[in-house]
Amino acid sequence: MATSVLSPPFFHPLHQLQFSKCPRLSSKSHFRPRLLRSISQRTIRAISAVAAESELGTQQDHAIEADIFACPVCYEPLIRKGPSGLNLSGFMCKRCKKTYSSKDRYLDLTVTAGLRDYTEIQPARTELFSPLVSFLYERGWRQNFRQSGFPGPDEEFKMAQEYFESAEGGLLVDVSCGSGLFSRKFAKSGTYSGVIALDFSENMLRQCYDFIEKDDTLSTNNIALVRADVSRLPFSSGSVDAVHAGAALHCWPSPSNAVAEITRTLKNGGVFVGSTFLRYSSKTPWFLRPFRERTPQGYGYLTEEEIKDLCTSCGLTNYSSKIQQAFIMFTAQKP
């Protein structure tokens, strides 16, 4: 989906990742929902998981060391603003001084976060993800993808895991995560040190949070919810091991900007895996192709050749893909 925040044992081998216990929520705070624990690295102080007051008891405030989140304006690592514990003005960029805070059930790291007067008109394809569509996405909407050749979430997850084999133990970002269908699978697998479920749609992030809250088999210690623009990712360059974008590329206003951003954030050797609907494949009769050309108002369905060209032009290598009818899953690697 598009466009539109983790102290378990398996984090420790990376030794660069340190996590904290839940901070105390002020009795005066209007922020009540339990926020999933955020991920961060090394030297910059970042926000920890937030829990409802009834769950906090006598736990002490703790800070965590991190530098994974960066300002989407200037890409400088974010620093913690204010005292330890929950501070809703939470983060500040050390260069431009812009602040970012937790909103509802996720951390808002968009360029427009915190603006009071300016309102940005969203693309039609973003506005599609209303509360109703977000609610229905895993309750029938997504199942219709099978008609176009999508093999189903379980098989798609298995395929992605094979592509991500070299990223085991690293940080995975599920961009355009939608309702978190694959974010939850990645987190449950225990394959990664942390999973960031990222989407621009606030409705989808709220639905993602609700699914995670109701899943007793999923630990929230290694998953975080972030609102961000795929064309302006809030991560330091070369900080991410794996990026997943399931059924997403056709929703992005600018796939070229998005893939360029993904390339920037990947570490050397990092892997990008995506899936989408093809405009047509090599098996589509020539006389049908003119009826499937791209339009400015519609979704940006691409051909396999265009997807490969897009990845390689952004500096990615080792491109490969699997196609079934209009379904394509592709992968590429940052050299």
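Overview of values
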read-out	value
Table column - 3J(HN,Hα) (Hz), the range 92-97, Karplus curve with 6.51, -1.76, 1.60, x for Gly and Pro	9, 6, 6, 9, 8, 6
Among the listed pairs Lys103/Lys214; Lys103/Lys188; Lys267/Lys308; Lys188/Lys214, those beyond 23 Å (Cα-Cα)	Lys103/Lys188
Extension gain (nm, one decimal) between Asn144 and Met159, 0.36 nm per residue minus Cα-Cα	3.5 nm
Simple Cβ-charge dipole of the range 119-334, Lys/Arg +1 and Asp/Glu -1, about Cα centre, in debye nearest 20	420
Percent of Cα-Cα distances greater than 29 Å, calculated over the range 119-334	20
Built amide H within the under 5 Å cut-off of Cys71, gap 5+	Glu76, Leu78
Cα gyration tensor shape for the range 158-282, rounded if a/c is under 1.5, else prolate or oblate	rounded
Selected from Ser189, Leu132, Thr265, residue furthest toward positive end of dipole (the range 119-334; charges at beta carbon)	Leu132
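Throughout, read-outs are computed from the coordinates displayed, never taken from laboratory work. Everything numeric in this text was worked out from a predicted model, so none of it was measured. Cβ: placed from backbone, ideal geometry, glycine included. Neighbour counts: every protein chain shown.
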